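A.B. asks: Have a look at the structure that comes next, please.
Rule-based calculations on the coordinates, nothing more; no lab input. From a predicted model like this one, the values you see are computed outputs, not experimental measurements. For neighbour counting, all protein chains shown are included, and Cβ atoms are generated from backbone atoms with ideal geometry for every residue, glycine included.
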Amino acid sequence: MEVMEAIEARYSVREYSERKLDDASIRSILEAGRLAPTASNQQLNKHIMVTDEKLIHDLVDACEGQKWIATAPAVLVECASGDRTMICGQSARSMDGAIAMSYMTLEAVSLGMQFCWLGWFDPEKVKKLLNIPEDYVVIAVAPIGYPASQGHRSSKKSMEEVSAINKM
Ligand SMILES: Cc1cc2nc3c(=O)[nH]c(=O)nc-3n(C[C@H](O)[C@H](O)[C@H](O)COP(=O)(O)O)c2cc1C
């Protein structure tokens, strides 16, 4: 699947089929994260693919009780150590993490899966559950798997509303 096809095929899924991810798919998704760019090429992020059923169930509580997460066969957790603010004022690690998460999730879509990006989670609970060291920040959590049924993307603003050429 071409990159644009994956972008067009993506939509947030909140109910997954029981089909598991095979080892090749897991490796391919994690490889997409490994190859993502990072600020100063520091590569301080860690991409955690959670496949253990008990851990996934426990992640429901860490994600503010979003019960549907338990239907996912896997949950991607993106974290990083040593955060710093770049000259542009943005967090290098948040940026690195968001990029890596985007690469990995798009690779998952290209393999026929879907996901849902989560911002509604308690980072301390996630860290405790997954043995993530104290000096790490948890950037994003994303249940991932094959959708239980065909869904569709939410409506998007027009190209004119969200884009500009040269000047805003
Ligand atoms: C940073 C971020 C945080 C989000 N947090 C949650 C969340 O905690 N729970 C949830 O169900 N969806 C969450 N979403 C999914 C959005 O609601 C969804 O992407 C949006 O409604 C657009 O729909 P679409 O992804 O199908 O295009 C999040 C998405 C983003 C990008």
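A.B. asks: May I ask which of LYS125/LYS157; LYS67/LYS127; LYS67/LYS156; LYS67/LYS128; LYS46/LYS167 have a Cα-Cα span longer than 31 Å here?
C.D. replies: Too far apart for the 31 Å limit: LYS125/LYS157; LYS46/LYS167.
A.B. asks: What spacing in nm lies between the two simple spin-label points modelled at LEU35 and GLU18, each 7 Å away from Cα in the Cβ direction?
C.D. replies: 3.5
A.B. asks: Please identify which residues in the range 25-50 have an amide N closer than 12 Å to a label point set 7 Å out from the Cα of VAL3, following the Cα→Cβ vector.
C.D. replies: Under cut-off, by backbone N: 36-37.
A.B. asks: If you add up the charges near CYS79, with Lys and Arg at +1 and Asp and Glu at -1, over every other residue whose beta carbon is less than 11 angstrom from its beta carbon, what do you get?
C.D. replies: With Lys, Arg at +1 and Asp, Glu at -1, the neighbours total -1.
A.B. asks: Still on this structure, please answer the following. Tell me the mean residue ellipticity at 222 nm calculated for the chain from its helices only (DSSP H runs of n ≥ 4, each -39500 (n - 2.57), averaged over every residue, nearest 500).
C.D. replies: -10000 deg cm²/dmol
A.B. asks: SER154 to GLU134: extension gain in nm, 0.36 nm per residue of separation minus the Cα-Cα distance?
C.D. replies: Gain on extension, SER154 to GLU134, equals 3.6 nm.
A.B. asks: Of all DSSP beta bridges located in the chain, what percent are antiparallel, nearest 5?
C.D. replies: Around 95 percent antiparallel, to the nearest 5.
A.B. asks: Would you tally the net charge around MET104, using a Cβ to Cβ cut-off of less than 10 Å, leaving MET104 out, and scoring K and R as +1, D and E as -1?
C.D. replies: Net of charged neighbours comes to -2.
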